[in-house]
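One structure below.
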Amino acid sequence: MADFTEEHRKRLQEKYTSEEANDFLAKSLKTRAPYAHLLVDAIDQHFYSGSNGLPLRLPAPGRERVLVALLASRGATSALAIHVYLALAHGVELGEIEDILLLVGAYAGIDHFVAAQDVLRRTLTHLADLAKDDQAACSAADVITALARLS
């Protein structure tokens with residue numbers, strides 16, 4: 001799909017750290033919705049950092065698979081794009097994401113499948129552009145910022 005290659009994925013993964021992505025997303029959400037800081041902190045502690053002392057029961061790849069499905073079924077755009085990137089960064093295969101979107105279409109409707117496929121195509125095009133060479137600025141914060149503009 002698009003011109004996104006395994007080489008692009010490797011470049012993005014090399015510059016990706018989950019700590020940077022999680023911190024950047026948490027700060028962004030708290031800035032945009034300061035009243036939601038308790039929810040953001042609870043989600044971080046339970047699903048991302050494990051700082052509440054409990055083991056993380058849903059590893060990052062599984063969590064991202066679930067979020068891709070949920071966001072696609074809701075017709076999300078930029079949030080879906082961001083979580084497609086996070087899924088790829090955590091090792092979820094592109095074919096799996098395509099299958100997830102197919103299931104969304106079967107259960108949530110063909111309109112959600114078509115819309116999610118469009119988001120996936122545009123996301124992969126953006127990711128390929130961001131990772132086109134070794135010198136590309138593609139830290140997690142850079143990529144998330146670029147994908148947040150997708151609408």
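If you scan segment 11-26, which residues turn out to be assigned to a helix (DSSP H, G or I) and farther than 11 Å from LYS132 by Cα? Break it down stepwise before answering.
Here is the first cut: in segment 11-26, the ones assigned to a helix (DSSP H, G or I) are 11-15, 18-26.
Scanning segment 11-26 gives GLN13, GLU14, LYS15, SER18, GLU19, GLU20, ALA21, ASN22, ASP23, PHE24, LEU25, ALA26.
Among the residues that make up segment 81-94, is at least one of them over 16 Å from THR5 (Cα atoms), β-branched (Val, Ile, Thr) and touching a Phe, Trp or Tyr at 6+ places or on another chain (Cβ under 8 Å)?
Looking for residues that are over 16 Å from THR5 (Cα atoms), β-branched (Val, Ile, Thr) and touching a Phe, Trp or Tyr at 6+ places or on another chain (Cβ under 8 Å), one finds none in segment 81-94, hence no.
Can you give me the number of residues within segment 42-73 that are under 21 Å from LYS27 (Cβ atoms) and either assigned to a helix (DSSP H, G or I) or in contact with a Gly (Cβ under 6 Å, 6 or more places away or on another chain) (or both)? Explain how you work it out, then say what you get.
Step one: of segment 42-73, the residues under 21 Å from LYS27 (Cβ atoms) are 42-52, 56, 60, 63-64, 67, 71.
Filter once more, so that each one left must be either assigned to a helix (DSSP H, G or I) or in contact with a Gly (Cβ under 6 Å, 6 or more places away or on another chain) (or both): 42-49, 56, 60, 63-64, 67, 71.
Residues in segment 42-73 being under 21 Å from LYS27 (Cβ atoms) and either assigned to a helix (DSSP H, G or I) or in contact with a Gly (Cβ under 6 Å, 6 or more places away or on another chain) (or both): 14 in total.
If you go through segment 113-151, how many residues are more than 14 Å from the chain's Cα centre (by Cα), surrounded by 19 or more Cβ atoms within 10 Å (Cβ to Cβ) and farther than 22 Å from SER18 by Cα?
Residues in segment 113-151 being more than 14 Å from the chain's Cα centre (by Cα), surrounded by 19 or more Cβ atoms within 10 Å (Cβ to Cβ) and farther than 22 Å from SER18 by Cα: 2 in total.
Just name the residue that is surrounded by the fewest Cβ atoms within 10 Å (Cβ to Cβ) out of those in segment 1-37 that are among the hydroxyl-bearing types (Ser, Thr, Tyr) and under 19 Å from PRO61 (Cα atoms). Explain how you work it out, then say what you get.
Of the residues in segment 1-37, the ones among the hydroxyl-bearing types (Ser, Thr, Tyr) are 5, 16-18, 28, 31, 35.
Now drop any that are not under 19 Å from PRO61 (Cα atoms), which leaves 16-18.
On the way: TYR16: 18, THR17: 12, SER18: 14.
Here the answer is THR17.
Quick one: in segment 43-73, which of the residues that are surrounded by fewer than 16 Cβ atoms within 10 Å (Cβ to Cβ) and polar (S, T, N, Q) is farthest from ASP23 (Cα to Cα)?
For segment 43-73, the residue satisfying everything is ASN52.
All of the numbers you see were taken from the coordinates with simple rules; none came from a lab. Nothing here was measured: the structure is a model prediction, and the numbers come from that model. Glycine also receives a Cβ, built like all others from the backbone with ideal geometry; neighbour counts cover every protein chain displayed.
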